[in-house]
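Laboratory data are not the source of any read-out in this text; all were calculated from the coordinates shown. Note that the coordinates shown come from a computational prediction; the quantities given were computed from them, not determined experimentally. In this analysis, Cβ positions are derived from the backbone assuming ideal geometry, glycine residues included, and neighbour counts consider all displayed protein chains.
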Amino acid sequence: MIDWAKREDRGEILALKRMVLPLASEKRSGYIMDHLYDPNHTLVYRQNNHVLSMIEIHQTNILLNGRYMKAHYYYQCLTDPRYRNQGLMDQLMHYALQYSQSTVLVSLLPASRQQFGSSYGFTTTYFKARYTLDKTMVNPDTTGVSFHFRLEAMRDLYGSFMQRFNGFAVRTVDDFSTLVNLNRNDDRELIFYYDDNRVMKGYAIMHFNGTKAILSEVVYLDSLALTRLIAYALSQRPSVDVIVSTSEDLSVWFPKASVVRYDYMMSRVNDMALMQRILNSNVDSTVSLYALSFKPGTYISIE
């Protein structure tokens, strides 16, 4: 039986997440369940009153081709390993898409589920690049790097940075408050760069994996901001992975850095005819829709 989760399902859903995602941070998962999780946005498949499969649906706002649109992000699609290959997720996905079609124009799915998503009309529209740098590639100057910030300054910086992109998530001050609290509860650091006039020009979310620092979200207005944030990460570890969209060609500034490109997020238009009327365009595919603005797509999830 398929229905929406209830408050009393919290324990079972958290247990399912820990079973399927054993490497996920316990602290992060606990914080999400305590402060961000909403059972009203989680579809579950029950059998004998037990949750066997789930899709967590986050509603977000995106700016696509200059228009604000609501979108559904299918954040986690999980099935108890003991009940896989029984069509449970297939049933949940059909239900989820029917729900989305009556609610939003665009649905998003992590590209890690690419083969699965393709069968439901999802197409990869967002791509990432991971640049690996060491201390020999970057000026070690960290002047201007700070841990102090205002949420309003983060929002304004993010808005300025995103002007070069299409299809990105729109963030409010409340969203940045959530972002800060989530990362503080996951032992991740937020670092900021200010210019000589004390204007915030960049920020990054940093965590560590052994001898490597990882900048998982990097927002910057110029190469100096980017370089200073990377320099700080390299002051903490011998090497750093910098994760950005594929349209950000960091090799211009760091020609010796190694780079790996990969698919990141898939999109699906739930009602193409309505989308055509809204945009007054004859776009007939998700790819052509995202190409309308001549700006590259990027998406950064708070989770």
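Things worth noting here:
- Mean separation of Cα contacts under 8 Å (6+ apart) over length of segment 187-303, as relative contact order %: 16 percent
- Pairwise Cα distances in segment 129-262 exceed 27 Å in 14 percent of cases.
- Hydrodynamic radius of segment 61-156 per Kirkwood, over alpha carbon pairs, in Å: 17.7 Å
- Zone of Asp90's modelled label, taken as backbone nitrogen in segment 114-134 under 15 Å from a point 7 Å along Cα→Cβ: 116-121
- Label sites at Thr132 and Leu221, each approximated as a point 7 angstrom past Cα along Cα to Cβ, lie 3.4 nm apart.
- Length-normalised contact order of segment 129-262 in % [C-alpha pairs under 8 Å, at least 6 apart]: 38 percent
- Residue order, fewest to most surrounding Cβ atoms within 10 angstrom, among Glu8, Glu152: Glu8, Glu152
- Helix 10-20 axis, angle to the chain major axis (alpha carbon atoms, nearest 10°): 70 degrees
- Projected-area mean, the chain, by convex hull of Cα positions, square nanometres: 16.2 nm²
- Between Ala273 and Thr143, the contour length at 0.36 nm per residue exceeds the alpha carbon distance by 41.6 nm.
- Lys pairs, the chain - Cα-Cα below 19 angstrom, 8 or more residues apart or on other chains: 8
- Under the simplified labelling scheme, the Leu292-Asp195 pair shows an inter-label distance of 3.4 nm, with each label point 7 Å from Cα along Cα→Cβ.
- FRET efficiency, 1/(1 + (r/R0)^6) with R0 41 Å, evaluated for Val180 and Asn49 via beta carbons: 0.60
- Extended-chain gain in nm, criterion 0.36 nm per residue less alpha-carbon gap, Ser119 and Asp187: 20.8 nm
- For the chain, the Cβ-based charge dipole about the Cα centre amounts to some 260 debye (Lys, Arg positive; Asp, Glu negative; other atoms uncharged).
- Radius 10 Å from Cβ of Tyr120, net charge of other residues (Lys, Arg +1; Asp, Glu -1): +1
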